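Data block below; observations after.
The values are calculated or read from the model by the stated rules, or taken from the named source; none is laboratory data. None of the values given here were measured: they were computed from a predicted structure. With ideal geometry, Cβ positions are generated from the backbone for all residues, glycine too; neighbour counts draw on all protein chains shown. Ligands, DNA and RNA are excluded from the accessible area calculation, which covers all protein heavy atoms including side chains. Shrake-Rupley method; radii C 1.70, N 1.55, O 1.52, S 1.80 Å.
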Amino acid sequence: MIDNSASMRGSLGAVRRAALGFFQNAVRPGDRAAVITFNRFPNLAVELTGNVRSLGSGLAGLVPEGETALWDSVMYGLYYLAGERGQRALLILSDGRDEASTFSFDDTLDYARRAGVTLYTIALGRDAARGPLRTLAEETGGRFFSIDDADDLDEVYATVQRELRSQYLIAYQSSNTEDLTTFRRVVLEVDRPGVTVKTLAGYYPSRRR
């Protein structure tokens, strides 16, 4: 997901180049990716595909204009991935704060917690919504990046690619039998020195019938 609001005018060239490099390096047989751009509204520029050339074409015509509807756009991206199976991740790049959304940040966080999609968020520049973007990443098991220059995106995308290729699926049966639907925190600990583990922050239990 790429912010192409008016404030991105000086950065879109480097953003296109870095995103194309990410697709070329990260999309392997069996993988699919999409391009979603957003300013006042989200736009599905390229549907999920494994064709890197098609993904690149979706990056070619980006025009910086309009305000930033950040939370509406994140909601759109999460909803778009809702019916997809397998490992799902959403990479969100923005240089601004929300200016035009119908949904609030709290709405977006609640839905992100329920969606089962890992969010990697990138705040570009001093005006980006660092705090909320960090929270979205941490609550969904992803990672937050803060950069001052779009030329630093290559390193960010390389880190995201490594993490996407080094994930494990762990499941457990909760012993909490209370019939509640409030958010439940999850803490995953390891006893190996020097190892850092990230996971989703918790879940909403299904309502009993």
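Details
- In the range 123-142 there is no residue that is in contact (Cβ under 8 Å) with a residue 12 or more places away in the chain and in contact with a Pro (Cβ under 9 Å, 6 or more places away or on another chain).
- Boolean, R134 is closer than 24 Å to S5 by Cβ, within 13 Å of the chain's Cα centre (by Cα) and open to solvent by 70 Å² or more (accessible area, probe 1.4 Å): yes
- Complete set of residues in the range 72-90 that are touching a helix residue (DSSP H, G or I) at 6+ places or on another chain (Cβ under 9 Å) and buried (at least 19 other Cβ atoms within 10 Å of the Cβ): D72, V74, M75, L78, L90
- Taking residues in the range 172-188 that are among the hydroxyl-bearing types (S, T, Y), and partners anywhere that are open to solvent by 70 Å² or more (accessible area, probe 1.4 Å) and in a loop (DSSP other than H, G, I, E, B), the pairs with Cβ atoms closer than 7 Å and at least 6 places apart or on different chains are T181/R207.
- Some residue of the range 95-108 being surrounded by 22 or more Cβ atoms within 10 Å (Cβ to Cβ), in contact with a helix residue (DSSP H, G or I) (Cβ under 6 Å, 6 or more places away or on another chain) and among the acidic types (D, E): yes
- Residue that is farthest from R32 (Cα to Cα) [pool: residues in the range 164-184 that are touching a strand residue (DSSP E or B) at 6+ places or on another chain (Cβ under 8 Å) and at pLDDT 75 or above]: N176
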